[in-house]
Amino acid sequence: MREVDAVVFDVGQVLIEWDPRHLYRKVFTRDDATPDEARVEWFLSEVCHHDWNVEQDRGRRIADAEAEALSRHPDMGPAIRSYYGRFQAMIPRAIDGTVQVLQTLKAAGFPVHGLTNFGAETFPRTRARFGFLNAFDTVVVSGEEGVIKPDPRIYEILIERAGLDPARTAFVDDSPRNIEAARALGFHAHRFEGAEGFRSWLRDLGAPV
């Protein structure tokens with residue numbers, strides 16, 4: 001018996017791999033051209049750090065984000081501007097197994113939606129690069145809405161926009177906090193740790209995968 005009528009996908013670390021280290025291991029290198037790992041970690045913890053990046057997911061403009069970082073570290077201009085100037089280098093590949101699940105559901109006529117913490121200025125180019133992101137029947141992007149997961153408001157935006165019944169909807173994300181928020185709203189929720197485990201979970205819910 002089918003328990004769900006739709007599937008909601010996170011994007012980063014579920015459908016595509018994202019890690020700024022992929023870029024900054026090229027930006028910061030030693031004399032022998034090997035990555036300067038200590039410099040990479042310093043930059044990503046002190047300059048363009050997690051909380052700084054989250055504000056772009058929440059809707060802050062890239063120009064304003066760069067200006068803020070430059071006000072703290074004016075000597076790091078080229079590296080700061082590389083964050084968004086070379087953003088796609090942070091995304092080395094799609095996660096093929098999850099993409100196959102998405103495409104299988106879509107081919108079966110099963111509704112698929114996206115709910116992602118992503119910048120409004122970076123998502124369109126990423127979507128153009130990875131065509132499968134156009135498969136979503138509905139996609140809610142945090143940077144366009146001004147609110148990020150795990151805030152219940154962004155889930156409610158998707159629920160209303162896509163006409164979802166959370167009790168009949170599967171939700172997948174790599175973040176425990178986002179999973180907890182989805183469950184609190186009544187979704188069937190799965191923490192992503194690999195495509196096969198995700199596929200097996202969907203099968204148990206009766207989804208056509």
Only residues that are free of Cβ contacts under 8 Å to residues at least 60 places away in the same chain and either among the β-branched types (Val, Ile, Thr) or out of contact with any helix residue (DSSP H, G or I) (no Cβ under 9 Å at 6 or more places or on another chain) (or both): list them for region 142-177, please. 154, 156, 157, 159, 160, 161, 163, 167, 176, 177
Which of the residues belonging to region 57-67 are surrounded by 13 or more Cβ atoms within 10 Å (Cβ to Cβ) and part of a helix (DSSP H, G or I)? 57, 62, 65, 66
Tell me, please, whether a residue that is part of a helix (DSSP H, G or I), over 15 Å from the mean Cα position of the chain (by Cα) and within 24 Å of residue 153 (Cα to Cα) can be found in region 74-93. no
Quickly run through region 124-171 and pick out the residues that are part of a loop (DSSP other than H, G, I, E, B), hydrophobic (A, V, I, L, M, F, W, C) and either surrounded by fewer than 19 Cβ atoms within 10 Å (Cβ to Cβ) or touching a His at 6+ places or on another chain (Cβ under 8 Å) (or both). 130, 136, 164
Looking at (1) touching a helix residue (DSSP H, G or I) at 6+ places or on another chain (Cβ under 6 Å); (2) surrounded by fewer than 21 Cβ atoms within 10 Å (Cβ to Cβ), which one does residue 189 not meet, given that it meets all the others? (2)
Quick test for you: out of 192, 118, 123, 132, pick the one residue that is over 21 Å from residue 58 (Cβ atoms) and in contact with a strand residue (DSSP E or B) (Cβ under 6 Å, 6 or more places away or on another chain). 192
Do we have any residue at all in region 33-44 that's in contact (Cβ under 8 Å) with a residue 24 or more places away in the chain and in contact with a helix residue (DSSP H, G or I) (Cβ under 9 Å, 6 or more places away or on another chain)? yes
Within region 94-127, can you find the residues that are over 13 Å from the mean Cα position of the chain (by Cα) and either of a type in the set (Phe, Trp, Tyr) or at positive phi (or both)? 109, 110
Quick count over region 144-202, residues being among the β-branched types (Val, Ile, Thr), within 14 Å of the chain's Cα centre (by Cα) and within 16 Å of residue 111 (Cβ to Cβ), is 1
Give 122, 104, 98 a once-over and let me know the one that is of a type outside the set (A, V, I, L, M, F, W, C), in contact (Cβ under 8 Å) with a residue 40 or more places away in the chain and under 12 Å from residue 9 (Cβ atoms). 98
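Taking the stated definitions as given, is residue 104 of a type in the set (Ser, Thr, Tyr), touching a Pro at 6+ places or on another chain (Cβ under 8 Å) and assigned to a helix (DSSP H, G or I)?
Yes, satisfied.
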Quick check on this structure: which one of 54, 14 is in a helix (DSSP H, G or I) and of a type outside the set (Gly, Ala, Ser)? 54
The listed residue being more than 22 Å from the chain's Cα centre (by Cα) and of a type outside the set (A, V, I, L, M, F, W, C), out of 41, 55, 68: 68
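FYI, it's all coordinate maths here, none of it is from the lab. For clarity, every value in this text was computed on a predicted model and none was experimentally measured. Reconstructed Cβ throughout: ideal geometry from the backbone, glycine too, with neighbour counts over all protein chains shown.
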